[in-house]
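Below you'll find the structure, written out as C-alpha cells, and then a few comments.
Here, each number is a calculation from the coordinates, and none is a lab measurement. Keep in mind the model is a prediction, meaning the values are calculated, not measured. Counting neighbours? That spans all protein chains shown, and the Cβs are built from the backbone with ideal geometry, glycine included.
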Amino acid sequence: MTPEAQQMIEYIVEEVIRRPGTQIDENTPLVSSGLIDSMSLVDILLKLEDVTRNRIPAGKVQAKDMDTVELMLATSQRVGKPRL
C-alpha cells in the first residue's frame, strides 16, 4: 500500500465514516456501499488534493471515480495537475 493510500484510508475512517471498528482498504467500495455519502465527497476530494499535491477539477470527477481509494488515486493521476 502506498503512503498516499494509507493517508486517505486514515482520513476516511477517522474523519468521514466515524464508526468505531470500521476497517477499509484501498479496494473497499465506499460510495456504492453507502459507507460515505455524496456530501462527504467534497471533503474527500480536498483531502485527495492535499495528499497527492494535485489540483483536481471537480467538474471532471464523478462519484464512480471516488468509490474506492484506489480509484481516487487513479483519478488524481488521470485528471489532476501538479500544484505549483
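The Rg/Rh ratio of the chain, with Rg taken over Cα atoms and Rh as the Kirkwood radius over Cα pairs, comes to 0.93.
Each Cα pair under 8 Å and six or more residues apart adds its sequence gap; the mean of these over the residue count of the chain is a relative contact order of 34 percent.
Placing a label point 7 Å from the Cα of residue 14 along the Cα-to-Cβ line, the residues of region 31-73 whose backbone N sits under 15 Å from it are 47-48, 51.
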